[in-house]
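Only one structure is covered here, and it is reproduced in the block below.
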Amino acid sequence: QVQVVESGGGLVQPGGSLRLSCAASGRTFSSNSMGWFRQAPELGRQFVAGITWGGGTTDYLGSVRGRFTISRDNAKNMLYLQMNNLKPEDTAVYYCHTIVHGTRDPADAYWGQGTQVTVSS
C-alpha cells in the first residue's frame, strides 16, 4: 500500500491556477501508475488524470484536458497536478491514488484525506 498526503488546494477565482502535490511513501511508488481523482458534493469519486509509472503516458478526463497537467517525480516520490483556467465546476476534494495500469480504476481501497479546491468569485 502506497501512503499519500495531498496538499496545495485552496480558494481561487475562476480562471486562476493551482498546483496540487502528493507526497507518497514507500519503495513501490515508482512501480505504480498514479492518478488524481476528485469528489464533489452529491457526486461519486471521479477520475481526473493519470500517469504511467515512467511518466511517458498521461490520460485526462475530457473536461480537464488542455487545462490540467499531471506529472511525477519518482526520485522524490511526488505526484503533481497543475490546474490552469480553473472553473467553478472543478470545485471538489482532490485525491491522489495508485491506478491499475491501463485503466482509470484505483488499485486499492485506501484513500487519504485529500485536498479541497474551491473555485469561486
Cα-derived Rg over Rh, computed across the chain with Rh taken as Kirkwood radius:
0.94
Connecting C-alpha atoms closer than 10 Å in a GNM of the chain, tell me which of R19, R72, R38 has the biggest fluctuation.
R19
Could you please state how large a percent of the accessible area of the chain is carbon and sulfur, counting protein chains only and using a 1.4 Å probe?
48 percent
Rounded to the nearest 10 Å², the accessible area of E89 using a 1.4 Å probe with every protein chain kept is 130 Å²
In Hz, Karplus ³J(HN,Hα) per residue of region 112-118 (6.51, -1.76, 1.60; θ = phi - 60°; x = Gly, Pro)
x, 6, x, 9, 7, 10, 10
For the chain, what does the accessible surface come to per residue with a 1.4 Å probe? Please give it in Å².
51 Å²
Among D90, D59, D108, which one shows the highest mean-square fluctuation when the chain is modelled as a Gaussian network with alpha-carbon springs under 10 Å?
D108
Give the calculated FRET efficiency between W111 and A75 to the nearest 0.05, with a Förster radius of 25 Å applied to their Cβ-Cβ distance.
0.50
Difference of contour (0.36 nm per residue) and Cα-Cα distance, Q82 to S7:
25.8 nm
Which whole-Hz couplings ³J(HN,Hα) result when phi for each residue of region 13-20 is put into the Karplus expression 6.51 cos²θ - 1.76 cosθ + 1.60, θ = phi - 60°, listed in order with x for Gly and Pro?
6, x, x, x, 10, 9, 10, 8
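The values are calculated or read from the model by the stated rules, or taken from the named source; none is laboratory data. Being a predicted model, the structure only gives us computed values, none of them experimental. Here Cβ is always computed from backbone atoms with ideal geometry, including for glycine, and neighbour counts include all displayed protein chains. Only protein heavy atoms, including side chains, enter the accessible area calculation; ligands, DNA and RNA are left aside. Shrake-Rupley method; radii C 1.70, N 1.55, O 1.52, S 1.80 Å.
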